[in-house]
Structures are given as C-alpha cells and as structure tokens.
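Participant: Here it is: the structure, laid out below.
The values are calculated or read from the model by the stated rules, or taken from the named source; none is laboratory data. Values in this document were obtained by computation on a predicted structure and should not be read as measured data. No Cβ is skipped: glycine too gets one built from the backbone with ideal geometry, and neighbour counts run over all protein chains shown.
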Amino acid sequence: MNWVQLIFNYQSCDIIQLHYNYTGKLKEDKYKDGLKPEAIAFLLICMIIVLENAIVLLAIWKNKKFHLPMYYLLGNLTLSDLLAGFTYMVNIVMSGPNTLKLTPLLWFLREGGVFITLAASVISLLAIAIERHVTMVRMKPYHGTKRNRMFALIGASWALSLLLGVLPIMGWNCMGNLKLCSTVLPLYSKNYVIFCVSVFTAVLLAIVVLYGRIFHTVKANTKKLGSLQRKGLARRSQKYMALLKTVTIVLGVFIACWLPLFVLLLLDFLCKAGDCRILFKADYFLGLAMINSLINPIIYTLTSKDMRKAIIKLLCRRCLITEDGQVKKIGIPFLECSFSKTEVAVHRGLETTISSGNGTSSPIRIIYPKLKSVKL
C-alpha cells in the first residue's frame, strides 16, 4: 500500500464500520446507544486517577525537598498515570456510537493515546527498578551524574512508549487485510498485538529479576551486619521484611492488574474473528489495567512519610497537622504517624539508602572501608 492509498484510507469513515462488522463487534449494544453504566463508572475512576496523580505532582512541585534526582522517576510515573487516566477518559467519550463516526486516523489517535500513556506507566516501573538496581547492587550512589541518569531513564521510557504507540499509524495495521485483524482492536494487526504483549511480558520479567537482585543484596548485607553487631539486629530485620512486603505489593498489584489483559490479548491472537465472545468484553480488562494507575500513587508515594506530610499539608494543613508538625490522630491508621527525620546509625563503612520502590528510604549499610558516608 503506497502513501497515497494510505492517506485516503485514513480519511475514509467506512473503514471503521467494515472492520468492526468483520470482527462481529457491531452486534454489541454499546455501538447502538449512548454511554453504558459501566462506561460512566470507568469515567469516574479515570477522574479519580487524574485528581489523585495531580495532587501528588503538585506536592512534588511545591516542596523543594522533592526537587532531587531520586524523585524524578517518581514524578515521571505519576505524570504518565495522570495522562493515562485523561486519555482513557477521552477514549471512553469517543467510544460507543461515536466510534463509527471516526476516521481511521482519529481511531489510531484515540487508541494510540491510551496505549502510549499506559506503556509509559509500565516502563516507568521498569525505570525505577533499574535505578534502584544501579544504586544498590552496582553501588553507584547519588553524585553529579545522578541527574543525567534520571533524565536518560525518563527519556528512554517515553521514547520506547512513543515508538510502540505509533507503529500502527505508521503502517503496522491490518487495513487491507481483514484476516489479520485483532478482535479487541479491529484496526490493529494481531502480530502487532502479540508483539506488544511480548514486550510488556519482558518488562514484567525484568522488574521481577531486578527487584529480586535488590532483595538478595539487602538480605546479604543484613546478615553481614548481624554477624558484626547483634544490637539492633531486630530493627534491621524489620527493615528487611518491610522491603520484602513493599516489593511483593509492587509486583503483586502489577501482575493482578495487567495479567488478565495480557491473557485476553494472547487469546485475541489465537482466536478467529467472532469465535471468542469474551474478547467483546475487553473494556473490563482494560479498566482493570487502568486500576494500576490508580494504585501506583498509593504504593509509590503515600507510603512515604515525607510525601504523606506534603500531601496532607496541601489538602488540609490546619485540620490535620498540629503546630509541632505531627499528624492529628483521627482514627485513620496510616495517618497516625510521626514525621521525624530518618534515623541514621553510625558505624564504620559506607551507608547508602535504598528506595523500596515507593519513594521511601531505609538505611542499609554496606561494609566498605575508607569511604565517606553518602546519602541517597
């Protein structure tokens, strides 16, 4: 297909109806009436996602203590989740009966926007894992090149997301060959869909491996410290278990939200058009994946004492914060905490702090003589 034909097809409204009719999706009621109750529910969830992540971004922007390289990736993850919520809202509004009014170009932009932002969110999780691995396992702490490393990871995450998102509009689609079309995304090629599933599966495996190595390093160093100094061993064990819980939550939530969609898209690749009715319920699976953008700020920011304090100050300082900087006890367990600075033990060697993947820092000491203490 040459570029003249491609441009013509991208402007033809009949293409959408042809593809949706071939895959059997036009038999669904969602393309006959207005927004369904489930679509309205997804809209409300997306609004919460946008509001929640906007608050976190505002808290990071207004507090100078967060203007550090360690928070750049956290801000990037928050921004990608906010954009994912916004683009999915636009997607919902343009769906239903409005789908059949779209040109292929608008359809690619509608689906591509959601795809790019969701991909950026997933790849941002990988970027955070890479940064933590470089800092903890390879022992490259915060110094002058840290900022450049953060920007490189952020740039790479968005570049990869954009590349994956624009491939269909650049020609990797099934326009002109209906037999290759996906049922979930009728203008996308099945080969493209399975390629993306493979990429995201690789991202998931990479995150598991990186956090596994981080956890192994923390465990090994905890044992070394325990053999040298029995005092405080219980406390170090608590930090070790806290890291385990955080990593388990991070990976568990990610898998729970995304695995059903991965399985559905794999089924989409294997099934012939119209054979698997569950493919017509893809909106629920995509909505579940969107829940990851709702939970990410809770995992990666609200478990940080400093971030909790910043957000509470932003929302309601007078009603929740006492004059001495403590949170008033109002019966909500996660708010009943102290915001004193992280305690740092003094011992010979290099002290580094690692992020548990949620924006918090826990002191973990690495035995390494004749080096000054470095705070991450």
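Participant: Enumerate the pairs (first residue in region 119-147 and closer than 22 Å to residue 82 by Cα and of a type in the set (Ser, Thr, Tyr); second residue anywhere and at pLDDT below 85 and part of a loop (DSSP other than H, G, I, E, B)) with beta-carbon separation below 8 Å, excluding pairs fewer than 6 apart on the same chain, so at least 6 apart or on different chains.
Facilitator: Listed by first residue and then by second, the contacts come to nothing, as the list is empty.
Participant: If the requirement is being modelled with pLDDT of 80 or more and part of a helix (DSSP H, G or I), which of these qualifies: 205, 225, 251, 243?
Facilitator: One residue alone meets the criteria, 205.
Participant: Inspect all residues belonging to region 175-182 and state whether any of them is out of contact with any Cys (no Cβ under 6 Å at 6 or more places or on another chain), more than 30 Å from residue 17 (Cβ to Cβ) and not in a helix (DSSP H, G or I).
Facilitator: no
Participant: For region 166-210, what are the residues that are closer than 23 Å to residue 284 by Cβ and of a type in the set (Phe, Trp, Tyr)?
Facilitator: The answer is 188, 192, 200.
Participant: Here's another thing I want to ask about it. How about region 277-306: which of its residues are of a type outside the set (A, V, I, L, M) and not in a helix (DSSP H, G or I)? Show your work before the answer.
Facilitator: Of region 277-306, the ones of a type outside the set (A, V, I, L, M) are 277, 280-281, 283-285, 287, 292-293, 296-297, 300-301, 303-306.
The answer is 301, 303, 304.
Participant: Further, regarding this structure: For region 125-155, enumerate the residues that are hydroxyl-bearing (Ser, Thr, Tyr) and either surrounded by fewer than 21 Cβ atoms within 10 Å (Cβ to Cβ) or modelled with pLDDT of 90 or more (or both).
Facilitator: Those that are hydroxyl-bearing (Ser, Thr, Tyr) and either surrounded by fewer than 21 Cβ atoms within 10 Å (Cβ to Cβ) or modelled with pLDDT of 90 or more (or both): 142, 145.
Participant: How many residues, within region 16-31, are in contact with a strand residue (DSSP E or B) (Cβ under 7 Å, 6 or more places away or on another chain) and over 17 Å from residue 181 (Cα atoms)?
Facilitator: So the first thing to find is which residues in region 16-31 are in contact with a strand residue (DSSP E or B) (Cβ under 7 Å, 6 or more places away or on another chain), and the list is 19, 22-23.
Filter again for over 17 Å from residue 181 (Cα atoms), leaving none.
Count: 0.
Participant: While we're on this one: Under the condition of being without any contact (Cβ under 8 Å) to a residue 40 or more places away in the chain and within 16 Å of the chain's Cα centre (by Cα), which residue from region 194-221 is surrounded by the most Cβ atoms within 10 Å (Cβ to Cβ)? Reasoning before the result, please.
Facilitator: Step one: list which residues in region 194-221 are without any contact (Cβ under 8 Å) to a residue 40 or more places away in the chain, which gives 195, 198-199, 202, 205, 209, 212, 215-216, 219-220.
Narrowing further to those that are within 16 Å of the chain's Cα centre (by Cα): 199, 202, 205.
Numbers: 199: 15, 202: 11, 205: 10.
Result: 199.
Participant: List pairs: first residue in region 168-184 and in contact (Cβ under 8 Å) with a residue 40 or more places away in the chain and surrounded by 14 or more Cβ atoms within 10 Å (Cβ to Cβ), second residue of a type in the set (A, V, I, L, M, F, W, C) and not in a loop (DSSP other than H, G, I, E, B) anywhere in the structure, Cβ distance under 6 angstrom, at least six positions apart or on different chains.
Facilitator: 168/108; 169/108; 174/180; 174/181; 182/193; 183/279; 184/279; 184/282
Participant: Residue 330 fails exactly one of the following numbered conditions: (1) modelled with pLDDT of 75 or more; (2) touching an Asp or Glu at 6+ places or on another chain (Cβ under 9 Å). What is the number of that condition?
Facilitator: Every condition holds for residue 330 apart from (1).
Participant: Name the single residue, out of those in region 309-324 being of a type in the set (Val, Ile, Thr) and at pLDDT 75 or above, that is farthest from residue 58 (Cα to Cα).
Facilitator: Residue satisfying both the conditions and the ranking: 312.
Participant: Next up: Looking only at region 74-89, count every residue that is under 23 Å from residue 134 (Cβ atoms) and either small (Gly, Ala, Ser) or in contact with a Lys or Arg (Cβ under 9 Å, 6 or more places away or on another chain) (or both) and tell me the total.
Facilitator: 2
Participant: Residues that are of a type in the set (D, E, K, R), at pLDDT 80 or above and surrounded by fewer than 20 Cβ atoms within 10 Å (Cβ to Cβ), at least 1 per element: which helices (runs of 4 or more DSSP H) completely within region 1-80 meet that?
Facilitator: Hits in region 1-80: 37-62.
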